[in-house]
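Visitor: Before I ask anything, here is the structure I am working with.
The values are calculated or read from the model by the stated rules, or taken from the named source; none is laboratory data. Owing to the predicted nature of the structure, the values given are computational and were not obtained by experimental measurement. Counting neighbours? That spans all protein chains shown, and the Cβs are built from the backbone with ideal geometry, glycine included. The area values use the complete protein model at the heavy-atom level, side chains included, leaving out ligands, DNA and RNA. Shrake-Rupley method; radii C 1.70, N 1.55, O 1.52, S 1.80 Å.
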Amino acid sequence: MADTFTPSVASRAFGHGRASVIHTARIHFFPAFPAGEEWVTEDTVTDEEGRAVLGVNSLLVEAGPETILVDPAWWPAHETKLGPEADLEVGPPIDRSLASIGVGPADVTRVLITHGHPDHFNALLVDGALRFPNAEHLFPLADWEQWVVRGDGYAVDEIRSLLRPVERAGKLRLVDGDLVVGGGVTLLHTPGESDGHQVVRFEAGGERLYYLGDLFHLPVELRQLDWAPVPGRDAVVLQESRLRVLRDAAAAPSTLLFTHGAFPAWGTAAKTGPDSWAWRYL
Ligand SMILES: [Zn+2]
(Lines give C-alpha, C1' and ligand atoms only; values in the text may rest on other atoms or scores of the structure.)
Protein backbone atom coordinates (compact mmCIF):
# COMPACT_ATOMS: atom_id res chain seq x y z
CA MET A 1 0.00 0.00 0.00
CA ALA A 2 2.52 2.56 1.19
CA ASP A 3 4.63 1.92 -1.89
CA THR A 4 1.98 3.48 -4.12
CA PHE A 5 2.67 6.87 -2.51
CA THR A 6 4.92 9.33 -4.22
CA PRO A 7 6.31 12.25 -2.21
CA SER A 8 4.22 15.38 -2.35
CA VAL A 9 6.31 18.48 -1.58
CA ALA A 10 6.30 22.07 -2.90
CA SER A 11 9.40 24.19 -2.18
CA ARG A 12 10.09 27.92 -2.57
CA ALA A 13 13.11 30.08 -1.85
CA PHE A 14 12.68 32.84 0.74
CA GLY A 15 15.81 35.00 0.86
CA HIS A 16 18.68 32.59 1.61
CA GLY A 17 16.24 30.09 3.06
CA ARG A 18 13.84 27.54 1.67
CA ALA A 19 10.28 26.72 2.69
CA SER A 20 8.63 23.44 1.73
CA VAL A 21 4.98 22.47 2.10
CA ILE A 22 4.52 18.73 2.70
CA HIS A 23 1.14 17.18 1.94
CA THR A 24 0.25 14.34 4.34
CA ALA A 25 -3.51 13.73 4.00
CA ARG A 26 -6.94 15.01 2.93
CA ILE A 27 -10.03 15.33 5.15
CA HIS A 28 -13.66 15.30 3.90
CA PHE A 29 -16.31 16.82 6.19
CA PHE A 30 -19.29 19.20 6.50
CA PRO A 31 -18.27 22.34 8.41
CA ALA A 32 -20.70 23.58 11.08
CA PHE A 33 -20.98 27.16 9.83
CA PRO A 34 -24.21 29.14 10.51
CA ALA A 35 -27.13 27.24 8.93
CA GLY A 36 -28.05 28.37 5.43
CA GLU A 37 -24.91 30.50 5.00
CA GLU A 38 -22.86 29.94 1.84
CA TRP A 39 -19.37 28.77 2.73
CA VAL A 40 -18.19 27.55 -0.68
CA THR A 41 -16.08 30.29 -2.29
CA GLU A 42 -14.27 30.21 -5.66
CA ASP A 43 -11.23 28.74 -3.94
CA THR A 44 -13.00 26.12 -1.82
CA VAL A 45 -12.51 22.49 -2.82
CA THR A 46 -15.56 20.21 -2.35
CA ASP A 47 -16.22 16.55 -3.15
CA GLU A 48 -19.17 14.96 -5.03
CA GLU A 49 -21.16 14.80 -1.76
CA GLY A 50 -20.73 18.55 -1.24
CA ARG A 51 -18.35 18.10 1.69
CA ALA A 52 -15.35 20.38 2.13
CA VAL A 53 -12.04 18.78 1.18
CA LEU A 54 -9.30 19.98 3.53
CA GLY A 55 -5.62 19.29 3.13
CA VAL A 56 -3.26 18.41 5.93
CA ASN A 57 -0.01 20.24 5.19
CA SER A 58 3.16 20.35 7.27
CA LEU A 59 5.85 22.99 6.67
CA LEU A 60 9.64 22.70 6.64
CA VAL A 61 11.78 25.85 6.94
CA GLU A 62 15.52 25.64 6.24
CA ALA A 63 17.38 28.81 7.20
CA GLY A 64 21.09 28.86 8.11
CA PRO A 65 21.71 26.24 10.82
CA GLU A 66 17.98 25.77 11.45
CA THR A 67 15.85 22.99 9.96
CA ILE A 68 12.42 23.65 11.43
CA LEU A 69 9.47 21.34 10.92
CA VAL A 70 5.98 22.68 11.70
CA ASP A 71 2.95 20.50 12.55
CA PRO A 72 4.32 17.13 11.39
CA ALA A 73 1.44 14.76 10.59
CA TRP A 74 1.40 11.04 9.77
CA TRP A 75 -1.23 8.29 9.66
CA PRO A 76 -1.05 4.55 9.01
CA ALA A 77 -1.70 3.92 5.30
CA HIS A 78 -4.96 2.03 6.05
CA GLU A 79 -6.56 4.79 8.17
CA THR A 80 -9.86 6.08 6.66
CA LYS A 81 -11.45 8.10 9.50
CA LEU A 82 -10.59 11.23 11.45
CA GLY A 83 -12.85 11.25 14.50
CA PRO A 84 -16.47 10.15 14.17
CA GLU A 85 -17.49 12.64 11.46
CA ALA A 86 -14.72 13.04 8.92
CA ASP A 87 -13.26 10.77 6.24
CA LEU A 88 -9.50 10.69 5.83
CA GLU A 89 -7.43 10.02 2.69
CA VAL A 90 -3.90 9.27 3.82
CA GLY A 91 -1.12 10.83 1.73
CA PRO A 92 2.59 10.06 1.41
CA PRO A 93 4.46 9.28 4.67
CA ILE A 94 6.22 12.42 5.88
CA ASP A 95 9.62 10.67 6.13
CA ARG A 96 9.53 9.85 2.44
CA SER A 97 8.56 13.40 1.48
CA LEU A 98 11.36 14.84 3.64
CA ALA A 99 13.87 12.40 2.11
CA SER A 100 12.84 13.56 -1.38
CA ILE A 101 14.19 17.04 -0.53
CA GLY A 102 17.31 15.70 1.17
CA VAL A 103 16.18 16.00 4.80
CA GLY A 104 16.52 13.10 7.24
CA PRO A 105 14.68 12.91 10.60
CA ALA A 106 17.96 13.53 12.49
CA ASP A 107 18.52 16.78 10.57
CA VAL A 108 15.48 18.50 12.09
CA THR A 109 16.64 21.00 14.73
CA ARG A 110 13.19 22.05 15.96
CA VAL A 111 9.61 20.85 15.74
CA LEU A 112 7.00 23.59 16.18
CA ILE A 113 3.43 22.59 17.06
CA THR A 114 0.70 25.18 16.50
CA HIS A 115 -1.79 23.71 18.98
CA GLY A 116 -2.91 20.62 20.85
CA HIS A 117 -4.99 18.85 18.19
CA PRO A 118 -3.30 15.56 17.31
CA ASP A 119 -3.69 15.94 13.52
CA HIS A 120 -0.98 18.61 13.94
CA PHE A 121 1.65 16.43 15.65
CA ASN A 122 0.78 12.75 15.26
CA ALA A 123 4.13 12.18 13.46
CA LEU A 124 6.22 12.79 16.60
CA LEU A 125 6.96 9.13 17.39
CA VAL A 126 8.08 5.95 15.62
CA ASP A 127 7.53 2.79 17.72
CA GLY A 128 7.36 4.93 20.85
CA ALA A 129 10.66 6.73 20.21
CA LEU A 130 11.17 10.26 18.91
CA ARG A 131 10.96 10.40 15.10
CA PHE A 132 13.03 13.63 15.12
CA PRO A 133 15.50 12.65 17.86
CA ASN A 134 17.67 15.78 17.80
CA ALA A 135 14.88 18.33 17.66
CA GLU A 136 13.69 20.62 20.40
CA HIS A 137 9.87 20.35 20.34
CA LEU A 138 7.98 23.59 21.05
CA PHE A 139 4.39 23.19 22.26
CA PRO A 140 2.01 25.84 23.66
CA LEU A 141 1.87 25.92 27.47
CA ALA A 142 -1.89 26.60 27.67
CA ASP A 143 -2.64 23.51 25.54
CA TRP A 144 -0.24 21.41 27.62
CA GLU A 145 -2.10 22.51 30.75
CA GLN A 146 -5.49 21.74 29.19
CA TRP A 147 -4.86 18.33 27.67
CA VAL A 148 -1.87 16.84 29.48
CA VAL A 149 -2.23 18.33 32.97
CA ARG A 150 -6.02 18.69 33.33
CA GLY A 151 -7.05 15.98 30.84
CA ASP A 152 -9.75 18.24 29.46
CA GLY A 153 -11.03 17.83 25.86
CA TYR A 154 -10.99 15.09 23.26
CA ALA A 155 -8.14 12.68 22.44
CA VAL A 156 -6.48 13.22 25.84
CA ASP A 157 -4.89 9.74 25.85
CA GLU A 158 -3.48 10.14 22.33
CA ILE A 159 -2.13 13.62 23.10
CA ARG A 160 -0.47 12.47 26.33
CA SER A 161 1.06 9.43 24.64
CA LEU A 162 2.53 11.64 21.89
CA LEU A 163 3.99 14.26 24.23
CA ARG A 164 5.16 12.31 27.30
CA PRO A 165 8.07 10.61 25.47
CA VAL A 166 9.20 14.03 24.21
CA GLU A 167 9.09 15.36 27.76
CA ARG A 168 10.98 12.32 29.12
CA ALA A 169 13.68 12.77 26.47
CA GLY A 170 14.22 16.35 27.68
CA LYS A 171 13.23 17.66 24.24
CA LEU A 172 10.03 19.51 25.16
CA ARG A 173 9.85 23.29 25.54
CA LEU A 174 6.53 24.86 26.52
CA VAL A 175 5.77 28.25 24.96
CA ASP A 176 3.82 31.01 26.67
CA GLY A 177 3.09 34.05 24.45
CA ASP A 178 5.11 35.22 21.44
CA LEU A 179 8.59 33.76 20.99
CA VAL A 180 11.53 34.49 18.66
CA VAL A 181 12.69 30.98 17.72
CA GLY A 182 15.69 31.71 15.44
CA GLY A 183 16.47 31.53 11.72
CA GLY A 184 13.93 34.33 11.09
CA VAL A 185 11.14 32.28 12.66
CA THR A 186 8.81 33.72 15.30
CA LEU A 187 5.82 32.17 17.09
CA LEU A 188 2.80 34.47 17.42
CA HIS A 189 0.34 33.71 20.23
CA THR A 190 -3.06 33.50 18.51
CA PRO A 191 -5.67 31.91 20.81
CA GLY A 192 -9.11 30.87 19.54
CA GLU A 193 -8.93 27.39 18.04
CA SER A 194 -7.33 26.53 21.39
CA ASP A 195 -6.11 28.70 24.29
CA GLY A 196 -2.49 28.19 23.30
CA HIS A 197 -2.79 28.25 19.50
CA GLN A 198 0.23 29.84 17.79
CA VAL A 199 1.01 30.96 14.24
CA VAL A 200 4.51 30.58 12.74
CA ARG A 201 6.04 33.57 10.92
CA PHE A 202 9.18 33.13 8.78
CA GLU A 203 10.90 36.31 7.58
CA ALA A 204 13.66 36.21 4.96
CA GLY A 205 14.81 38.44 2.10
CA GLY A 206 12.22 41.13 2.88
CA GLU A 207 9.35 38.63 2.56
CA ARG A 208 7.20 36.90 5.12
CA LEU A 209 5.62 33.48 5.20
CA TYR A 210 2.88 32.70 7.71
CA TYR A 211 1.95 29.14 8.63
CA LEU A 212 -1.48 29.72 10.10
CA GLY A 213 -2.23 26.33 11.65
CA ASP A 214 -5.97 26.29 12.43
CA LEU A 215 -6.35 30.09 12.56
CA PHE A 216 -8.32 29.43 9.34
CA HIS A 217 -9.59 26.12 7.95
CA LEU A 218 -11.42 27.27 4.81
CA PRO A 219 -11.17 30.37 2.57
CA VAL A 220 -14.59 31.73 3.66
CA GLU A 221 -13.25 32.35 7.17
CA LEU A 222 -11.15 35.28 5.89
CA ARG A 223 -14.39 36.96 4.78
CA GLN A 224 -16.27 35.97 7.96
CA LEU A 225 -13.68 36.38 10.70
CA ASP A 226 -16.05 35.20 13.45
CA TRP A 227 -16.88 31.89 11.74
CA ALA A 228 -15.36 28.64 12.95
CA PRO A 229 -16.23 25.33 11.29
CA VAL A 230 -16.41 23.53 14.64
CA PRO A 231 -18.87 25.07 17.13
CA GLY A 232 -18.03 26.08 20.68
CA ARG A 233 -14.90 28.09 20.05
CA ASP A 234 -14.60 31.61 21.41
CA ALA A 235 -15.49 33.69 18.35
CA VAL A 236 -14.33 37.02 19.84
CA VAL A 237 -10.88 35.74 20.80
CA LEU A 238 -10.54 33.93 17.48
CA GLN A 239 -11.49 37.07 15.53
CA GLU A 240 -8.91 39.18 17.41
CA SER A 241 -6.18 36.66 16.62
CA ARG A 242 -7.19 36.56 12.96
CA LEU A 243 -7.14 40.36 12.72
CA ARG A 244 -3.75 40.50 14.43
CA VAL A 245 -2.18 38.16 11.89
CA LEU A 246 -3.87 39.64 8.81
CA ARG A 247 -2.74 43.15 9.82
CA ASP A 248 0.78 41.90 10.56
CA ALA A 249 0.91 40.22 7.13
CA ALA A 250 -0.30 43.40 5.40
CA ALA A 251 2.84 45.23 6.59
CA ALA A 252 5.20 43.36 4.19
CA PRO A 253 5.02 41.17 1.05
CA SER A 254 3.50 38.06 2.57
CA THR A 255 2.55 34.52 1.62
CA LEU A 256 0.12 32.64 3.84
CA LEU A 257 -0.75 29.02 4.19
CA PHE A 258 -3.02 27.16 6.55
CA THR A 259 -2.64 23.56 7.64
CA HIS A 260 -5.93 22.54 6.03
CA GLY A 261 -5.58 24.45 2.74
CA ALA A 262 -5.59 22.68 -0.63
CA PHE A 263 -1.99 21.55 -1.35
CA PRO A 264 0.34 23.31 -2.07
CA ALA A 265 -1.78 25.78 -0.07
CA TRP A 266 0.30 28.93 -0.76
CA GLY A 267 -2.02 31.95 -0.85
CA THR A 268 -2.51 35.66 -0.21
CA ALA A 269 -5.04 37.75 1.70
CA ALA A 270 -6.42 40.96 0.16
CA LYS A 271 -8.39 43.44 2.26
CA THR A 272 -11.97 43.88 0.96
CA GLY A 273 -13.59 45.75 3.88
CA PRO A 274 -12.97 46.99 7.45
CA ASP A 275 -12.92 43.44 8.91
CA SER A 276 -13.06 41.36 5.77
CA TRP A 277 -10.40 39.79 3.54
CA ALA A 278 -10.35 37.65 0.42
CA TRP A 279 -8.24 34.49 0.15
CA ARG A 280 -6.55 33.58 -3.13
CA TYR A 281 -4.46 30.50 -3.73
CA LEU A 282 -1.26 31.33 -5.64
ZN1 LIG B 1 -6.39 20.87 12.44
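Visitor: Leaving out ligands and nucleic acids, note down the accessible area per residue over the chain with a 1.4 angstrom probe, in whole Å².
Guide: 41
Visitor: Please return the longest stretch of the chain lacking exposed loop sites, where GluC sites (Glu not before Pro) count only if DSSP places them in a loop and at most 11 other Cβ atoms lie within 10 Å.
Guide: Here the longest run is 50-282.
Visitor: Under the √(5λ) rule applied to the eigenvalues of the Cα gyration tensor, what semi-axes describe the equivalent ellipsoid of the range 36-164? Give them in Å, descending.
Guide: 26, 20, 15
Visitor: Calculate the translational D of the range 182-282 in whole µm² s⁻¹ from Stokes-Einstein, where the hydrodynamic radius comes from the Kirkwood formula applied to all Cα pairs, the temperature is 20 °C and the viscosity 1.002 mPa s.
Guide: In µm²/s, the coefficient rounds to 159.
Visitor: In angstroms, what radius of gyration and Dmax does the range 88-218 have, counting Cα atoms only?
Guide: Computed over the Cα atoms of the range 88-218, radius of gyration and Dmax are 14.7, 43 Å.
Visitor: Here is a further query. Which loop-located trypsin sites (Lys or Arg not before Pro) does the range 94-154 contain, where loop means any DSSP state but H, G, I, E or B and the Cβ has at most 16 other Cβ atoms within 10 Å?
Guide: Answer by residue number: R150.
Visitor: Please list, short to long, the whole-number percent of alpha-carbon pairs of the range 86-152 in consecutive 5 angstrom bins beginning at zero.
Guide: P(r) for the range 86-152, in whole percents per bin: 4, 14, 20, 25, 19, 12, 6, 1.
Visitor: With +1 on each Lys and Arg Cβ and -1 on each Asp and Glu Cβ, how big is the dipole of the range 126-282 about its Cα centre, in debye rounded to the nearest 20?
Guide: That gives a dipole near 380 debye.
Visitor: Further, regarding this structure: Suppose we flag chymotrypsin sites (Phe, Trp or Tyr not before Pro) only when DSSP calls them loop and at most 14 other Cβ atoms lie within 10 Å. Which is the longest uninterrupted stretch of the chain?
Guide: It works out to 6-153.
Visitor: Tell me the carbon and sulfur percent of the accessible area for the range 159-282, rounded to whole percent, probe radius 1.4 Å.
Guide: Solvent-exposed carbon and sulfur of the range 159-282 make up 50 percent of the total.
Visitor: What is the log10 of I(q)/I(0) for the chain, computed with the Debye formula using one identical point scatterer on each Cα and no solvent, at q = 0.14, 0.15 Å⁻¹?
Guide: Reported log10 I(q)/I(0), two decimals: -1.00, -1.17.
Visitor: So, one more: Between Rg and the Kirkwood Rh of the range 1-76, both from Cα atoms, what is the Rg to Rh ratio?
Guide: Reported Rg/Rh, Kirkwood definition of Rh: 1.09.
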